[in-house]
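Please treat every number below as a calculation from the coordinates, not as lab data. Not measured: the values here are computed from a predicted model. Glycine gets a Cβ as well: all are built from the backbone with ideal geometry, and neighbour counts include every protein chain shown.
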């Protein structure tokens, strides 16, 4: 008999087809849960995760397979207590996230969006854009130096950027100097890139003090989680000229974005799509499927989240 699985976030058609072939798939309809279904698995995304009420309503739940690397929307303590396995799709989306971080840097520093609009509006030759900022050789500070942070650092070095980082501990990375104070890192950086994990431990890590240290000529790039940055402090700093630019792929209350950010010419916005390429989403979906297959076959999981206790 096929195991019952709850699909919380839609996935690529080929992945959903494979799920339908191997499982009795129940597609989540907001707050509605299938009645009397012995659901043993959940496939979800990092953004939605698993609402605690859903987890509590599924006594037979054995595994949560996250299509992403974020675990802040899953109660890992409760999952560990109940012996529910949790997997992510680490390793396969690192390049895409790092690529987008670089794209956001370039788009913001070189004013690519204002230039695009000027051409489309037939204003080339009629209006002149202000001079942009140089990217090569800029000083880059990276907040969070896991796989994504290190991949961003390597790409930045290809632009002759001076790269340093802040993390919970010194990782002794030969190519990247560690800075033990986040405000100090921001103060010595032209660009601050947020690549830290989300969750309670990093909420509002980038606060007003950090933003002010980055300063009126600085650029803040966030490809991590919206909650890592104090969004209101960010908006205020941009409005008041205490921060020069921002380039954001993530927000505190997605898909809701502060209206003020939408009207600022010095802000680049993306709809949380750092891993949104065909190749990477296929690889992520395959890893979700492989983790589920391994679980129900009694084999070791490919990319489990480390138990909290």
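Quick look at the values:
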item	result
Inter-probe distance in nm under a simple model that places probes 7 Å from Cα toward Cβ, at residue 240 and residue 157	3.8 nm
C-alpha center-to-center spacing [the stretch 93-119, the stretch 1-80] in angstrom	34 Å
Shape of the stretch 139-291, Cα gyration tensor, a/c cut at 1.5	oblate
Antiparallel bridge percentage (DSSP; both residues within the chain; nearest 5)	5 percent
Helix axis angle, 147-158 relative to the chain longest principal axis, alpha carbon, degrees	30 degrees
Cut-off 16 Å, label 7 Å out along Cα→Cβ of residue 56, residues of the stretch 1-35 by amide N	31-33
Helix 94-109 axis, angle to the chain major axis (alpha carbon atoms, nearest 10°)	30 degrees
Calculated FRET efficiency for the pair residue 1/residue 136, C-beta based, R₀ 41 Å, to 0.05	0.10
Residue-averaged [θ]222 nm for the chain, counting only DSSP H segments that reach four residues, each worth -39500 (n - 2.57)	-10000 deg cm²/dmol
With Cα atoms, 0 to 90° folded angle of helix 278-297 axis to the chain main axis	30 degrees
Prolate/oblate/rounded label for the stretch 1-49 (Cα gyration tensor, a/c 1.5)	oblate
Cα shape, the chain, gyration tensor, a/c 1.5 rule	prolate
